Structures are given as structure tokens and as C-alpha cells.
Amino acid sequence: MTNASTAPGVRIGDLTVVYKTQAGELPAVSGVSLELAPGSITGVVGESGSGKSTLALSLLNAVQSPGRISGGSVEIDGLGDVVGLRGESLRKARGRHIGYVFQAAQNSLNPLKTVGKQLLDLGRSHGVDDLRGLVREAKELLGRMGLDGARVLDSHQHELSGGMRQRVGIMLALVLNAHLVVLDEPTTALDMITQATILRIIREVHEERGLTTLVITHDIGVVAEVADRLAVMYGGRIVEQGPTGAVLGAPSHPYTKGLIKAIPRLVGSLDEARALPGRPPTLATVPTTGCVFRERCAERMDVCDSDDPPALAHGDRIVACHAVGTSEPAQLQEEVA
Amino acid sequence: MITGQAITKTFKQRGNVLDSREVRALRGVDFVIPKGGAASFIGESGCGKTTLGRIIAGLESHDTGEITIDGTAMSSLRPRDRQPYFRRIQLIHQDPYSALNPTRTIHQTLNAPLALRAKQTGRSRGWMDERAQEVLSLVGLDAGSVLGRYPHQLSGGMRQRVVIARALTVDPEMLVADEAVSMIDVSLRLGILALLKDLRERLGVSVLFITHDVATARYIGDDGELYVIYRGQVVERGPVDTIISGPVHPYTQSLLSAIPVLHGLEEPGAQPVVPTEALDESHHDEGCLFARRCPFRTGKCESEVPVLGLGEGIPQEHACFHPERRAVVAQPAGR
Amino acid sequence: MSVTIMPEAGGAHATLRRNFWRGVWRVMKRKPSRLVGVVIMAGFAFMGIAGPLLYPAQLPRDTDALYAPPSWQHPFGTDFEGTDVVALVVTGSQYVLLTAVITAVITVVLGTGIGLFSGFKRGRWDTVLMRVTDMKLTIPGLPLLLVLSTVWKFSAAFEMGLVLGLLGWGGVARAVRAQTLSLRERGFIEAARGLGLSTTHIVGRELLPSMAPYIAMNALIAVTGAVYAQVGLFFLGVLPFEASNWGVMLNTAVFGGGALTTTAALPYLMAPLLAILLLTLGIVLVVDAMDEIFNPRLREE
């Protein structure tokens, strides 16, 4: 734990998470590899059932039964492979090393306790000796986010607006000095202007404190605003990842293309917007062989029915699609053979 | 045509006996929605846009003001006689999960309003079945595979289509879509929006779209009118594209500036406006309601009340003493 | 997997009903305990209906064997007069069960009706009805029954059930009202109002089915409650003596036979207790399935 005070890098390798159902164990995340560079903000975009929240929970090794991590690793600098952590050491790692802002953090505060009391509970459960220091740190963080720290700590949940609660959530994730932060849907149910403020705060706090940040969202706009790198999830896989601007500007995977086309725009011709046919798969309807996206794909080929496309590097990105880069000689030969 | 004049609504919040707060949800709103036309109410949560939508759909009463449907003033009718008018204005809920009764099949859900119509007009069972198939095909669903199902067996997008189909059973004149796609998966949203647009074009149903997302409002009807609502008051009103390309009210500008920029595809607008944070301002009713958050406020804004109207060579109506067109919206990159 | 229903068929309702019962069967099969519960309840129903017919109106007495220990002839021994205890339990079940069913029906019908009306109408009706309910909830049941027993013999199950039912609906009414208040804000109720559907339709077809699991559960729990209540009353001797009532059996076993101090009357005490326990168990096992039966999502899965 030598470098716990600097932004850690995270390497997720071939991670598979399965859920036990009546139809057997079904993968919610299958064979996902993703690297979070130290000090970067990575955005994971996906629709419901894409496995994005499960992936985020895996970072904490917090997948709840009936789900379990069935394979792969999550290496975090200074912590090692989180998948192997159990019991007390795992609990310590959460909060100390990894800060997590839960989905709907606006509603995840205890309505019966003031924010300050909850902060102290958090400190005690992590064995913090200097509780005064903790409160001071919390006030500073809240102040940094434009709130009156003393007042907020004295408030109950119902006395705070949605945007204020979200900031409290971020404060609680950071106050133990975690340098890896996971934000699950940080702006859902917030108003436009509040959303913009929160996104700005995420970006600023990220830079000032030297964090590695992972943002999980269904909203491409959110990722576009804050993330350096973008990973697109579909049916439990990362189908495309790369620098945000590059992926948005020139998407490679047919799903990414379709998703971007399906967003109505403020300027330009309305006819450019195109709906994606079909609907996203659920745990039970994800195809077990072949490409998970083929049912909705405009570039479907025969090989898509039989072979799951591997995630291959194409320049600055990694794409899992048979139709991308087929002109490369090596793969052409493979197809001929 | 549906119009409203000076609609007001005040909610009394029950605190204790001594401290009963009043929340002015609507402070005199005028609107006109032409037959087959489109209109959008834009604003943040709590601005009154949803309340106004519910009043228009007849699900809520208003305090003062007048709603006129096809030339008939609603205040001239007894409550019982208003119902046939309001029935022609159907609300599409935000949440397709609670909008359908989980214990009833789609067939039962569609049949209830159809049976009522059949009884009133003396039509047969066969007509009901035909009509059920018809409305389902209008919303792009296959009757054979949907009718016998329960809501939980359908995806969010399909449920929202069923909700729209149910609204169509009464031949509505207008659909009021309250954040109708915000709970639907991103890749399916455009399908629902396209459906509403299509219903406008094919059936001549007018659509009132209530949302915080200006881009979706534009998609439904770029020929329609945009009403920007702030704290129960329309602060800017005009054709959608006019307002997007040159908003004049600082609140509209703040809203449009807050829309995320798709870097790589777009470049941010040249003159973004960032308001100061929303404070607890419900008690401050003097002057311009937005003044306390407005970066351009002057002394006049804090004492005098701006009225919605035209002026100073600006094409859209606005309620601001210092209107100025600003380029706040992101533009396509590269071109 | 799913069944396609032809929309033109007037038989759609029949299909729906068939699917419902098929679903109920599926739900019951899911846990063996539920089937056990159903078997127990069916057994009690049979006992209540046909039981008394199996025995002569005047049960035979074996005066040589008072408080006889269990034997093949008398599995639970005999009572103070030498009557077979099993015969007493079986013949006594009719009064007990009939009372319980009547109580449950009255409790649920009154409670649901008042709760629904109050929650749906709101306003003045709600205020008045809930005041009445609150007042009713404050009536102490036991003293009232004591008073009533001085003027009423309660020899018919109907009278007993009526009184217990009228005393019991308050809680259900309050709970149903609370559920109605929350359901009426749901989108589908609002949509039904917007479509101009009648109040009868909204209450009967939209609200009621959503509360069905809750109501069914309350009905079953009311059955156990009514059994406890009346057995308790007879046990305490508040109500007139009636030979083959479970409560009276308990009373005579304890106060007459001294079942708490000697072993002789123990089987006599145990028999009605076991019957009550078994009935409660059967009901508890079945209640567990109610949510899944009335919720299509849980039913079909």
C-alpha cells in the first residue's frame, strides 16, 4: 500500500459475472477486459441489462447473491486482485481505497439521521481515530462543491435538494481519502442545470484530488461531458472502447453508431436521427453463441451467428465486431480458410 | 384547438397549523395549441409544467383562468359535462410501468375503454376486436402476440406503445406526453418519439410534449411552439428552432447551456450562460422571478415584473428586461 | 411458451380463467409445503361439512372408561363421560369452522368495502367512515361479548360469526383504505379516469384485483383469528356450555379433568389443541402462496 495516496490504475481482465436463475447460471458480464489508466476518467455507457452496474459492483467485489464473479480478475494498484479479497480486508478496501457513489445516491441517505451523524458512523466503522479531522475534511469537500458544509452536516436528507444530496454522496465517497471513485448514474433524476453543475464538480474534484474515476451511465451526453475514455457495453460485453472524442466522432461498432444516431439533436436535420430496430437483450435473451448485437445489426454477416467477435485493437480503440477491420489481410485469410 | 388563459394554481402545503405554506405552481399561463399542432413545455422539475399538463388533461383543477376546448369554455359547463371534452385529451404518463395495470392483460386494458364506446354508440363486439387490432397496429405492435400478455411480459418501449394505443381507443384530439421517453432505454426512445410524430402526421392528433429535454421536444415538432416555464410562469415562447438558435431569456439560455456537448461531434456554444445555484427562493416573489439567479440582473429586475411579450426586434415572446440573443447551443463540429 | 389469444374469440375470458387456474396449480406445485397446506385445509373443510354425519346425534358413552388413555379404539382417549375425544373434535368442528368462515366473510366484505369506498372517495365520506372505524376499533371486544352473552345464547354458528365479524372489520378497513389511497395515485387508475371509465369499473376491475392477495391473506388470517377468539371465549366459560365445542373441551379438560396437574386428561386437552394448531399451520402454509397467485408476474414465472 505504498502508493495509496496517488491515483491507482485498474486492470479488469476477462471478468465474468454470472447470475443464478431458473434457467441456470447466466452471464451478466462476460469476458470483459478494461483498463483504467491512473488519473483518467472512464465512462461506461450501456442500456438497462447491459451489465454496466454489475461491472461497477465487481470493482468492489460487491456483486450480491444470486450473482457471483465466476472468472477473471480486477487488479487495483495498491490493493491487488479485488476478486480474491474477503471479509474484513474487503470491507476496509471499500471506502478507504474505493469510493462508491450509488445509483440514486439522492435517496441513499438515512432519513432519520443527520448527514453529520452518518459521516461519523462511516468514520467509526472504518476505524478513523481523528473524527474531528474527518469532519473538517468533509466540510472542506462540501465547501469545495459550493455548499455550506456546517449547515449540510446538520441537515437531514429531506432538508436537502437532489443536487445537494448527490454532492453529499460524492463527499461520503471521497472523505476517507479514496483515490478510485465509482459513480453509478450520478445525474439520473437531476435537472439539466443541476446535472451540468454536478458534472463540472466531478471533473474538478477529479483533477484536484488526483483520482481515477469510473462513471457508469445510460446517457452518452454525461460521458461526453466528463470522460476521457469511453467504453460501450451491450449484452454483458464491452463492444467498443477508446478516447471519448474519437469514439463519438467516428464510432466503429454498429451499436455505437446506432446509439449515437438515435439521439435527437438540437441542430441539423431531424431526418438524420434514426431509431435502432429491435430492443436490448435481457439476461435471459442474450444469445449464447455468436455476436450479442447481431439481431439489431445492419452489418450482420454469416459469421456473426456462429462466432462471438473477439475484442481487438484497431488503432486507438478496441472493438468487438466481425465487420470492423475485415479488410486487414490476416483476418481475410482466416475467413477464406 | 385548445387554449388556456391566465391559468393559475396554488398548492397548499400542509405543515403544522401555524406554518401552512402556499406554493404557487402556476402564475397565470396562456397557451394555444392548434388542431394537429405541436407544443412543448420546457422547464426544470417543480416549474409547474406537469401540473399544467394535468390541468389540460382534466386530471387536476385550476384556481383561476379559462380553458377553452374547440371554442367551448370549460367554466361554462358543469363538471359532469366537461368530461367528454377532456376525454379527448389523453395523458401519456412518464412511467410505462405504473401506467398499465399489472393484473390485467393488454386485451383487457384496451377492451375497457372500447366497451364503453361500443355501448355508447351501439357497436358490436366485433368492432371492439377490430379496433383493438387497429390501435395496436397504429403504434407498431403485433396484436396477435401482444393482446394476451400481461404488462410485465413486455419491454418498457412496448409498454409505452400500449399506453399510447390505449389513449388512441377514444380517438383523442390531443396527446399530452409528460416526459414520455425518459424512463425508456436510450436506443428505443427515438422509436417512441417517431411514433408520436407519425401519429401527428397520419391522424392529425396534436401533441403537447412536456419535458426537460429540448432536443426531444424539437424532434416531435420543429414546427411547434416552445414554452419555457420558470416557477409557474412562461418566460419565453416561440417557434422551437427560433428559440434554440437564439434564446433571449437568461433562464432559457442557462437550460440550453446545460445540455451536455457530444465532444467529437459537437463544439460548445460560443456564449454559455451559467446561472447561480437555485436557492430556496419560494418566498421571493418581487420583481423578475429569475433575477436572483441571473448573471445579467440589474436593479430594475429586482423591483419590476417583466411581462411576456414581443419587442426590440426579437421574433419570440419573452419576459425579460434585458433580452439579448446568445449562441449557447452546441454546434456540429468540423462543418 | 406464451399462449396466444385470438382476439375475436368471445372465449378469451374462458382462456384467461383456464390460464389463471393453471397458474395457481403451478404456484402451488412450487413448494410442497403449499400442497400440504391445501390438503390440511381441504381435510378441515371435509370435517366441517361431513364430520357430524359420520356420528350419531347422541355420541355413545362408555361409562366404564372415563378419561381412558389413548388406545386403538380411542386414539385420543375419552372425556369425563367416556365419550371418544376424536368424535368430539370432529363433531365440534362444524360450529367452529362455520363461525370462522362467517367471521372471515363479514370481516373482509365490510372491511374491504368500507376501506375501498373511503379511500377512493376521500373527502367528507372518508372522514366520517374513518371516524366510525376508529370508534369501532376502540370498542373492547371481550367485555362486549360478556354483555351480549347474557342476552344471547350463541347456539347458532351464524350468531357467533356475525358478532365476531362485526367486531373484526376495523383493521382490514384501515389497511385497505391505505392501500387504496396509494393505488389511486398510480398511473393506470388515473388513465382509467382520463378514459372516462365508470367508478364501478375502476374500483371493481382495476383496484380490487390489485389488492386481491392482500384481501385473500386477510380472509385466511381472519379465519384463524375467529377460531382463537371463539375457542378462547368458550374456554373461559364466558359463553354457554355446549358439549362438543373445542373451547368447551379445553375448559373441561383443564378445570374438570385437571389436565394441567394429572396426565389422565392430557389427551383430552391435546386433541382440540392439535386441531387448532393443524388448522393454523394449513392456513399459514397457504397464505404464503397468495402473493404469487394474484400477481401475474410471479404466477407465470
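Condition check ((1) open to solvent by 60 Å² or more (accessible area, probe 1.4 Å); (2) over 30 Å from A:LYS257 (Cα atoms); (3) without any contact (Cβ under 8 Å) to a residue 40 or more places away in the chain) across all residues:
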| residue | (1), (2), (3) |
| --- | --- |
| B:VAL248 | no, yes, no |
| B:ALA258 | no, no, yes |
| B:ALA270 | yes, no, no |
| B:VAL274 | yes, yes, yes |
| B:GLU286 | yes, yes, yes |
| B:THR298 | no, yes, yes |
| B:GLY313 | yes, yes, yes |
Residue ranges of helices (runs of 4 or more DSSP H) in the stretch B:137-209 with at least 2 members touching a residue at least 12 places away in the same chain (Cβ under 8 Å) and open to solvent by 20 Å² or more (accessible area, probe 1.4 Å) | B:156-168, B:186-203
Can you find even one residue in the stretch B:236-258 that is over 22 Å from B:ALA38 (Cα atoms), of a type outside the set (Phe, Trp, Tyr), over 21 Å from the mean Cα position of the chain (by Cα) and within 11 Å of another protein chain (Cβ to nearest Cβ)?
-> no
Kindly check whether there is at least one residue in the stretch A:273-291 that is modelled with pLDDT of 90 or more and either open to solvent by 10 Å² or more (accessible area, probe 1.4 Å) or within 19 Å of the chain's Cα centre (by Cα) (or both).
-> yes
1 or more residues closer than 24 Å to C:PHE80 by Cα: qualifying helices (runs of 4 or more DSSP H) within the stretch C:200-301 = C:208-236, C:246-251, C:266-294
Does A:PRO38 meet the test of being in contact with a Leu (Cβ under 6 Å, 6 or more places away or on another chain) and assigned to a loop (DSSP other than H, G, I, E, B)?
-> no
Restricting the stretch A:161-186 to residues that are within 12 Å of another protein chain (Cβ to nearest Cβ) and open to solvent by 10 Å² or more (accessible area, probe 1.4 Å), the one farthest from A:ILE216 (Cα to Cα) turns out to be A:SER161
Wholly enclosed helices (runs of 4 or more DSSP H) of the stretch A:98-186 bearing at least 2 residues touching a residue at least 40 places away in the same chain (Cβ under 8 Å) and of a type outside the set (Phe, Trp, Tyr) = A:115-125, A:131-144, A:162-174
Every listed condition ((1) touching a strand residue (DSSP E or B) at 6+ places or on another chain (Cβ under 8 Å); (2) more than 14 Å from chain A (Cβ to nearest Cβ); (3) of a type in the set (A, V, I, L, M, F, W, C); (4) assigned to a loop (DSSP other than H, G, I, E, B)) holds for B:VAL261 save (2)
If you go through the stretch A:297-322, how many residues are part of a loop (DSSP other than H, G, I, E, B), modelled with pLDDT of 90 or more and among the small types (Gly, Ala, Ser)?
-> 2
Considering (1) among the basic types (Lys, Arg); (2) in contact (Cβ under 8 Å) with a residue 40 or more places away in the chain; (3) away from every other protein chain (no Cβ under 14 Å), say which one A:ARG209 fails and leave the rest.
-> (2)
Hits in the stretch A:272-295 (condition: away from every other protein chain (no Cβ under 12 Å) and of a type in the set (A, V, I, L, M)) = A:LEU283, A:VAL286, A:VAL292
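The rows are residues; the columns are (1) within 27 Å of A:THR288 (Cα to Cα); (2) over 13 Å from the mean Cα position of the chain (by Cα); (3) at the interface with another protein chain (Cβ under 8 Å from one of its Cβ atoms).
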{"position": "A:VAL223", "(1), (2), (3)": "no, no, no"}
{"position": "A:ALA227", "(1), (2), (3)": "no, no, no"}
{"position": "A:ALA231", "(1), (2), (3)": "yes, no, no"}
{"position": "A:PRO243", "(1), (2), (3)": "no, yes, no"}
{"position": "A:LEU248", "(1), (2), (3)": "no, yes, yes"}
{"position": "A:HIS253", "(1), (2), (3)": "yes, yes, no"}
{"position": "A:GLY258", "(1), (2), (3)": "yes, yes, yes"}
{"position": "A:ILE263", "(1), (2), (3)": "no, yes, yes"}
{"position": "A:LEU266", "(1), (2), (3)": "no, yes, yes"}
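Quick grid of which residues meet (1) within 12 Å of chain C (Cβ to nearest Cβ); (2) of a type outside the set (A, V, I, L, M); (3) under 30 Å from B:PHE31 (Cβ atoms):
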residue: B:PRO96; (1), (2), (3): yes, yes, yes
residue: B:LEU138; (1), (2), (3): no, no, yes
residue: B:LEU154; (1), (2), (3): yes, no, no
residue: B:ARG159; (1), (2), (3): yes, yes, yes
residue: B:ARG166; (1), (2), (3): yes, yes, yes
residue: B:VAL170; (1), (2), (3): yes, no, yes
Go through (1) in contact (Cβ under 8 Å) with a residue 60 or more places away in the chain; (2) open to solvent by 60 Å² or more (accessible area, probe 1.4 Å); (3) within 27 Å of A:LEU312 (Cβ to Cβ) and name the single condition A:GLU35 misses.
-> (1)
Among the residues of the stretch B:234-246, how many are touching a Leu at 6+ places or on another chain (Cβ under 6 Å) and surrounded by 23 or more Cβ atoms within 10 Å (Cβ to Cβ)?
-> 3
Subset of the stretch C:178-199 that is outside any loop (DSSP other than H, G, I, E, B) and open to solvent by 20 Å² or more (accessible area, probe 1.4 Å) - its residue that is farthest from the other protein chains (Cβ to nearest Cβ) | C:ALA178
If a residue has to be open to solvent by less than 80 Å² (accessible area, probe 1.4 Å) and under 30 Å from C:LEU233 (Cα atoms) to count, how many in the stretch C:112-138 make the cut?
-> 10
Looking at C:LEU167, is it open to solvent by 20 Å² or more (accessible area, probe 1.4 Å), out of contact with any Cys (no Cβ under 6 Å at 6 or more places or on another chain) and in contact (Cβ under 8 Å) with a residue 60 or more places away in the chain?
-> no
Enumerate the pairs (first residue in the stretch C:83-107 and touching a residue at least 12 places away in the same chain (Cβ under 8 Å); second residue anywhere and outside any helix (DSSP H, G or I) and of a type in the set (Gly, Ala, Ser)) with beta-carbon separation below 6 Å, excluding pairs fewer than 6 apart on the same chain, so at least 6 apart or on different chains.
-> C:VAL85/C:GLY77; C:LEU88/C:SER244; C:THR91/C:SER244; C:GLY92/C:SER244
Output the residue which, of all residues in the stretch A:73-87 that are assigned to a helix (DSSP H, G or I) and modelled with pLDDT of 85 or more, is surrounded by the fewest Cβ atoms within 10 Å (Cβ to Cβ).
-> A:GLY84
Within the stretch B:214-224, residues in contact (Cβ under 8 Å) with a residue 40 or more places away in the chain and either part of a loop (DSSP other than H, G, I, E, B) or more than 10 Å from chain A (Cβ to nearest Cβ) (or both) come out as B:GLY221, B:ASP223, B:GLY224
Going through the stretch C:88-103 one residue at a time, which ones are more than 30 Å from C:TYR67 (Cβ to Cβ) and surrounded by 24 or more Cβ atoms within 10 Å (Cβ to Cβ)?
-> C:THR103
Those residues of the stretch C:139-176 that are assigned to a helix (DSSP H, G or I), more than 21 Å from the chain's Cα centre (by Cα) and either within 24 Å of C:LEU98 (Cβ to Cβ) or modelled with pLDDT of 85 or more (or both) come to a total of 7
Mind listing whichever residues of the stretch A:187-197 are touching a strand residue (DSSP E or B) at 6+ places or on another chain (Cβ under 9 Å) and crowded, with 24+ Cβ neighbours inside 10 Å?
-> A:THR187
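The values are calculated or read from the model by the stated rules, or taken from the named source; none is laboratory data. On a predicted model such as this, the values are computed, not experimentally measured, just so you know. Note that we place each Cβ from the backbone using ideal geometry, even for glycine, and neighbour counts take in every protein chain shown. With ligands, DNA and RNA removed, areas are computed over all heavy atoms of the protein, side chains included. Shrake-Rupley method; radii C 1.70, N 1.55, O 1.52, S 1.80 Å.
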